[in-house]
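What follows is a set of notes on a single structure, which appears directly below.
Just so it is clear, none of the values below were taken in a lab; they were calculated from the coordinates. Quantities reported herein were computed from a predicted structural model and do not represent experimental measurements. So basically every Cβ, Gly included, is an ideal-geometry build from the backbone, and we count neighbours across all protein chains shown.
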Amino acid sequence: MAATIEPPLGGEQRSDLSEIERRALDIIRSRGEEGIYQHELWKSLGLDSREGSRLALRLLKKGLIIREPAVHNGRRTYKLFIAQQKREKARLSVSIGSAIEIPCFSCKNLERCHLGGFFDPTTCPILRNWLNAKIKMIKQAMSD
């Protein structure tokens with residue numbers, strides 16, 4: 001998977017952070033999508049578990065990180081991720097019901113339909129009418 005480049009935090013958010021919070025964010029960011037266990041973070045920062053937990057909670061409350069429960073070496077802990085990475089992931093869901101509605105799937109000329117051919121989806125009146133009806137329905141729903 002390709003590495004993602006994280007945008008730097010905005011100036012106002014960055015100035016609200018303490019030096020330890022900035023260092024923690026840099027460490028979490030460097031771990032990318034893999035994340036980092038909370039205990040690894042506080043050890044790398046030279047903090048005890050109490051201070052490390054408080055640091056993670058402060059970053060969580062500021063919306064800068066995401067904290068997910070995890071088990072590491074048989075012990076319950078948390079895995080920390082940069083919040084922006086989670087928001088950037090797009091989810092696309094398609095149901096079979098919405099795909100079956102498309103008139104092309106029941107068209108007798110589907111196998112012969114292609115761009116530039118006699119049966120062309122760009123000039124198909126059946127497909128055009130169906131799309132216009134969908135657009136009209138969406139516009140109507142948005143105006144209500």
Seminar exercise, completed: Put in order of increasing Cβ neighbours within 10 Å, starting from the fewest, Glu101, Glu40 give Glu101, Glu40
Problem set entry | Student exercise, the stretch 11-88 dipole from Lys, Arg, Asp, Glu Cβ charges, in Debye to nearest 20 | 240
Seminar exercise, completed: Residue by residue through the stretch 58-73, the couplings from Karplus 6.51 cos²θ - 1.76 cosθ + 1.60 with θ = phi - 60°, in Hz, x for Gly and Pro, are 5, 5, 5, 5, 7, x, 8, 10, 10, 10, 10, x, 8, 10, 10, 6
